[in-house]
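Colleague: Below is one structure. I have some questions about it.
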Amino acid sequence: MAGWFRRLLQKPKQSSIHASSSSHSTTSHSLSSSPSSFSSSSSAWSSSSSSSTSTAQPSRPAPVDISSSSSARWVKSYDVCICHSEVDLEFVEELVSYLESQPQSLRCFLQLRDSVAGSAVMTELCEAVQNSHCWVMLITPSFLQDPWCRYQMHQALAEAPMANGRTIPVLKDIDRKDYPRELRNLYYIYVALKENSFRQIRDTVLRYLEELCRSSTSGMQ
């Protein structure tokens, strides 16, 4: 009788162990299949993302020959006018030499070299701005103290008030807090390494000229 009762008590335990084992097996199967499912989902997302990225890439604009005799570049006498103080002439002469030696032979207006003898300073400054596509403002302590520099800066801003890349501020030897308030809506080039800043100025001028010629060509078609 006691033996039969003990066997009866043991049966639920065996059943419970079996159920627990079965449950563990099911859970194990579920967890092992989960990474596979995640991997598949991840792969699909990656493929979808890759496809979306490839289709979202903008097409590059067609190259433009700014040296062509029919390009809008030749409408003006100069590609770039350098606005600067006489104190900074040595730096400016290096910049002009660099720009004019480029394969595109950029045409620079340098006040002391290209102004007409006997002409009024104000007239020369205004004509230099009007006859140039871009204007480089070399902003130094001397520039900020020179009334003629500020006059030429205001003339350039009046010529192109919407700042479409024509006015190129270049900061040298001044703190950012001294950046002229009139130019605060324009990004500037800061002179740390001379070679780097020269390249940045060149690239900015070329970018404007290319866009100018591209717009002119598309407008004629």
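Colleague: For the pair Ser68 and Leu89, what calculated FRET efficiency results from E = 1/(1 + (r/R0)^6), where r is the Cβ-Cβ distance and R0 = 25 Å, to the nearest 0.05?
Modeller: 0.15
Colleague: Work out how far the C-alpha atoms of region 77-214 reach from end to end along every principal axis, then list the three figures in whole Å, largest first.
Modeller: Each principal axis gives a Cα extent; for region 77-214 these are 37, 36, 31 Å.
Colleague: Put a dot 7 Å past each Cα toward the Cβ at Arg150 and Ser119; how far apart are the dots in nm?
Modeller: Calculated label separation equals 2.5 nm.
Colleague: Moving on to the next point. Whole angstrom only: what separates the Cα centroid of region 91-142 from the Cα centroid of region 62-84?
Modeller: The two parts, judged by their Cα centres, are 14 Å apart.
Colleague: When ranked by the protection proxy of mean other Cβ atoms within 10 Å per residue, highest first, what sequence do the peptides 117-129, 147-159, 81-93 form?
Modeller: Per-residue mean Cβ counts within 10 Å order the peptides as 81-93, 147-159, 117-129.
Colleague: Still on this structure, I have one more. When the solvent-accessible surface of protein heavy atoms is calculated with a 1.4 angstrom probe, in what order do Asp203, Asp146, Asp173 fall, highest first?
Modeller: Order by accessible area, largest first: Asp173, Asp203, Asp146.
Colleague: Leaving out ligands, DNA and RNA, what percent of the accessible area of region 77-214 is carbon and sulfur, probe 1.4 Å?
Modeller: Carbon and sulfur together cover 50 percent of it.
Colleague: Sticking with this one: With every protein chain left in place, what is the accessible area per residue of region 77-214 in square angstrom, probe 1.4 Å?
Modeller: That works out to 50 Å² per residue.
The values are calculated or read from the model by the stated rules, or taken from the named source; none is laboratory data. Source: prediction; values computed, not measured. When we count neighbours, we look across all protein chains shown, and the Cβ atoms used for this are built from the backbone with ideal geometry, even at glycine. The protein model used for the area step is the full one, side chains on, heavy atoms only, and it has no ligands, DNA or RNA in it. Shrake-Rupley method; radii C 1.70, N 1.55, O 1.52, S 1.80 Å.
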